[in-house]
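This report concerns only the one structure given below.
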Amino acid sequence: MNFLPNEVHKKIIKNIIPSMRWDLESDFSAHREKCKEKLIQLLGINEIVPTDIDIKILKEELLKGQKHLCLAIKTEENYYASCHLLFPKNYNGERLPLCVCLQGHVSGAHLGLGIEKFPYDEVYLQNEGIDFCIQATSRGYIALAIEQRGFGENGGDLKTGGTNCLHPALTAIMIGRTLVGERVHDVKRVVDSILEKYSDIVTMENSVLVGMSGGGTATYYVACLDDRFDTYVPGVALCSLYDSITEKSHCACNYVPNMAKHFDMGDLAVLIVPKRLIVVSGTEDRWFPIDGAKREFARIKKIYDTQNAIDKCTHIICNGGHSFYPNEAWQEIQKKR
């Protein structure tokens, strides 16, 4: 006799064949449209009403010799996303590609700037390679860090080191949304705003969207629903739903109601192909186990192959745990440039 509810859930999920899985033979365009509509519904993005573009410059300064703008960007009524625009050293006004940077389940977007605010930040920066904005600007990008909902200045809890995804994730579900869907919406609206206000200095040519862990998950969903970036880099986030969030307890913002009935993560590649996708995984990642990552990437690869785009998807597998692996990731990102 089984007394554990999650054992029931695990058995059900393990035996599900997602309803939106492409058979690799039927009409691709029609299937793609159905998948897009279904994903928007599952993420609850159709419940969010965007507002007119509104950018407020809160602070302009030199940050370790680099021009830094602290911005508040409105993405829906009564909500502003805290954002940071960082320019390369010795920037002289030229138009440069945009790199949007999404932090994972850490204390906030300030880590993308290499800034420590909380006691554990030093460990994050040393062990996980997440100073994304510094990495990007040193390679000739204008970097944009977007604070994800539930962290840092957008709902983070000082008592827990700047993180607080559980409560907003659960309340979002009660109104037909998901927290990760709200994060995807924020990325799209922030990019809309940046392109309108700063089109003279940023370009989407050779642009990159990069994220780690929860930021990598948001990156992957954005890749499904926004085709403006040249390259998408979900770091240590791609994995089967069973291996990553069923077999183990995970952050509430990873759970999307009814997702497993319709998609596993690899199935969503029908919405990404032929865009350039670079997946980063660690062999010892305990949150997104490598076996589940390999299985889902194998599904992605098959989908890309049917669209004659096999050279547009790459799986970087590094020896180690839950970390971004910036050297390996950027080496692959810059191959095109």
Subset of region 130-168 [within 24 Å of residue 254 (Cβ to Cβ), part of a helix (DSSP H, G or I) and under 16 Å from the mean Cα position of the chain (by Cα)] = 132
Matching residues in region 316-335 (of a type in the set (S, T, N, Q) and not in a loop (DSSP other than H, G, I, E, B)) number 2
Scan region 186-196 for residues that are more than 15 Å from residue 155 (Cβ to Cβ) and not basic (Lys, Arg) and jot them down.
-> 187, 190, 191, 192, 193, 194, 195, 196
Is there a residue in region 155-167 that is in contact with a Cys (Cβ under 8 Å, 6 or more places away or on another chain) and touching a residue at least 60 places away in the same chain (Cβ under 8 Å)?
-> yes
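Scanning region 108-129 for residues that are part of a loop (DSSP other than H, G, I, E, B) and among the aromatic types (Phe, Trp, Tyr), which turns out surrounded by the fewest Cβ atoms within 10 Å (Cβ to Cβ)? Talk me through it step by step, then tell me what you get.
Taking region 108-129 first, the residues part of a loop (DSSP other than H, G, I, E, B) are 108, 114-120, 129.
Restricting the remaining residues to those that are among the aromatic types (Phe, Trp, Tyr) gives 118, 120.
Numbers: 118: 19, 120: 14.
Only one residue tops the list, namely 120.
Name the residue that is nearest to residue 296 (Cα to Cα), counting only residues in region 231-256 that are in a loop (DSSP other than H, G, I, E, B) and out of contact with any Asp or Glu (no Cβ under 7 Å at 6 or more places or on another chain). Before the answer, list the steps.
Initial filter on region 231-256 (in a loop (DSSP other than H, G, I, E, B)): 236-240, 247-251, 255-256.
Pick out the ones that are also out of contact with any Asp or Glu (no Cβ under 7 Å at 6 or more places or on another chain) and you get 237, 247-251, 255-256.
Values: 237: 11, 247: 16, 248: 18, 249: 20, 250: 19, 251: 20, 255: 17, 256: 18 Å.
Among residues in region 231-256 that are in a loop (DSSP other than H, G, I, E, B) and out of contact with any Asp or Glu (no Cβ under 7 Å at 6 or more places or on another chain), the one nearest to residue 296 (Cα to Cα) is 237.
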Could you list, in sequence order, all residues of region 239-255 that are over 17 Å from residue 148 (Cα atoms), touching a residue at least 60 places away in the same chain (Cβ under 8 Å) and within 17 Å of the chain's Cα centre (by Cα)?
-> 241
When every residue in region 204-214 that is crowded, with 16+ Cβ neighbours inside 10 Å and not hydrophobic (A, V, I, L, M, F, W, C) is compared, the one nearest to residue 227 (Cα to Cα) is 207
In the list 136, 143, which residue meets the criterion of being more than 11 Å from residue 108 (Cβ to Cβ), in contact with a Gly (Cβ under 8 Å, 6 or more places away or on another chain) and in contact (Cβ under 8 Å) with a residue 12 or more places away in the chain?
-> 143
Is it true that residue 29 is part of a helix (DSSP H, G or I) and either exposed (fewer than 12 other Cβ atoms within 10 Å of the Cβ) or at pLDDT below 95 (or both)?
-> yes
If you scan region 258-315, which residues turn out to be surrounded by fewer than 20 Cβ atoms within 10 Å (Cβ to Cβ), outside any helix (DSSP H, G or I), in contact with a Leu (Cβ under 9 Å, 6 or more places away or on another chain) and in contact (Cβ under 8 Å) with a residue 60 or more places away in the chain?
-> 258
Over region 81-101, the set of residues touching a residue at least 12 places away in the same chain (Cβ under 8 Å) and either touching a Ser or Thr at 6+ places or on another chain (Cβ under 6 Å) or surrounded by fewer than 20 Cβ atoms within 10 Å (Cβ to Cβ) (or both) is 81, 86, 88, 89, 91, 93, 94, 95, 97, 98
For residues that are modelled with pLDDT under 95 and of a type in the set (Asp, Glu), tally how many sit in region 132-179.
-> 2
Looking for whichever is basic (Lys, Arg), surrounded by 12 or more Cβ atoms within 10 Å (Cβ to Cβ) and part of a helix (DSSP H, G or I) here; the options are 67, 36, 74. Which one fits?
-> 36
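For region 175-182, indicate whether the set of residues that are touching a residue at least 60 places away in the same chain (Cβ under 8 Å), crowded, with 22+ Cβ neighbours inside 10 Å and of a type in the set (Asp, Glu) is non-empty.
Yes, region 175-182 contains a residue that is touching a residue at least 60 places away in the same chain (Cβ under 8 Å), crowded, with 22+ Cβ neighbours inside 10 Å and of a type in the set (Asp, Glu).
The values are calculated or read from the model by the stated rules, or taken from the named source; none is laboratory data. Predicted model only: the values in this text are computed from it and were never measured. Methodologically, a virtual Cβ is constructed for each residue, glycine included, from the backbone with ideal geometry; neighbour enumeration extends over all protein chains shown.
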